[in-house]
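First up is the structure itself, then whatever we jot down about it.
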């Protein structure tokens, strides 16, 4: 059975929906412990432990190694995605554990390249690898080859939550919608896009936009943040909806001020997806007082990351909502990039 066959058998791809989380996961979380300051919540990518007046922020993500990216770069990207879920808490990641369940065809040389990408990137961010597991198993295919758990140790007062948006805040978007999906599709399926070689080459550069840890740290240092979230599955619209629902506020957003990276419209148009609703790892959604938001945008652009103020936060009766270009929008039930990838894989 091929990867495409498996995708076709799955009614929903990617993260489970809110109802399944609330019915299956949330009621059964093991022992209740006083040191759990923040446990699993839909739309919140990290948990928090309270230990000796310190906050330990932790998050777990799958590890995806895509050989087409080059093993070293694939390792770097995979680790950054794991670490970003801690970085968006406002606490920098400090430690990580890595479990690799590898395909039998992955050679030692390829493993060495992927691991070097991870380890070098961890070192550059001040992150130590403290435990792990590495093995090859029958039945494992690329790209999902394991998982990682990141930790960050810091002051509880420094934590920024995705559901912390306050009325009057400005909404900042970094990098822009669809960059991750654009870069991956252009790299994995260049011949299936019916685009010029120049356009495809430009779109492939978007893979480098997936890195989010450094931008999260930079944003946190540039101004006072009330909320921060990364736009992964469900894209920017999905991320905005999670933030607005969690805070019980209305996000009023416009598309025009958003940064759009070169190649995004071309690739997303070629595969029939809206860049605002597809996975956009590396793109951050932030809310902050307007003057702080301006400073954050300036700091981002000074570092080479495009950013823009795309809207404002308004008070409601406690119901979260997202209005995009004057119309209320709902997040996609599942990320459209999964269906597009299945079609391109055929």
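The values are calculated or read from the model by the stated rules, or taken from the named source; none is laboratory data. Given the structure is predicted, the values throughout are model-derived calculations rather than measurements. As a convention, Cβ positions derive from the backbone with ideal geometry for all residues, glycine included, and neighbour counts pool all protein chains shown.
Quick notes
- Checked against (1) at pLDDT 95 or above; (2) under 27 Å from residue 122 (Cα atoms), residue 199 meets all criteria but (2).
- Scanning segment 13-34 for residues that are more than 19 Å from the chain's Cα centre (by Cα) and in a loop (DSSP other than H, G, I, E, B) yields 26, 27, 28, 29, 30, 31, 32, 33, 34.
- Scope segment 139-179; condition in contact (Cβ under 8 Å) with a residue 12 or more places away in the chain, within 26 Å of residue 128 (Cα to Cα) and in a helix (DSSP H, G or I); matching residues: 156, 158
- The single condition among (1) at pLDDT 95 or above; (2) farther than 22 Å from residue 199 by Cβ that residue 342 does not meet is (1).
- Residues of segment 80-103 include at least one that is more than 25 Å from residue 40 (Cβ to Cβ) and either over 17 Å from the mean Cα position of the chain (by Cα) or outside the structural domain of residue 238 (by TED's automatic domain parsing) (or both).
- Here the condition is being in a strand (DSSP E or B), surrounded by fewer than 21 Cβ atoms within 10 Å (Cβ to Cβ) and modelled with pLDDT of 95 or more; of 55, 59, 37, it holds for 37 alone.
- Of all residues making up segment 108-131, the number that are farther than 28 Å from residue 160 by Cα and either surrounded by 11 or more Cβ atoms within 10 Å (Cβ to Cβ) or modelled with pLDDT under 95 (or both): 8
- Some residue of segment 269-278 being surrounded by fewer than 20 Cβ atoms within 10 Å (Cβ to Cβ) and touching a residue at least 12 places away in the same chain (Cβ under 8 Å): yes
- Reported count of residues in segment 302-333, each being without any contact (Cβ under 8 Å) to a residue 12 or more places away in the chain and farther than 20 Å from residue 175 by Cα, is 4.
- Of residues in segment 163-188 being in contact with a strand residue (DSSP E or B) (Cβ under 7 Å, 6 or more places away or on another chain) and surrounded by fewer than 24 Cβ atoms within 10 Å (Cβ to Cβ), the one nearest to residue 305 (Cα to Cα): 170
- Test for residue 235: is it outside the structural domain of residue 80 (by TED's automatic domain parsing), within 29 Å of residue 68 (Cβ to Cβ), touching a strand residue (DSSP E or B) at 6+ places or on another chain (Cβ under 6 Å) and crowded, with 20+ Cβ neighbours inside 10 Å: no
- Residue in segment 262-277 that is over 19 Å from residue 46 (Cβ atoms) and assigned to a strand (DSSP E or B) present: no
- Residues that are in a helix (DSSP H, G or I) and within 12 Å of the chain's Cα centre (by Cα), drawn from segment 62-78: 77, 78
- Those residues of segment 189-221 which are surrounded by 23 or more Cβ atoms within 10 Å (Cβ to Cβ) and out of contact with any strand residue (DSSP E or B) (no Cβ under 7 Å at 6 or more places or on another chain), in sequence order: 203, 206, 207, 209, 210, 213
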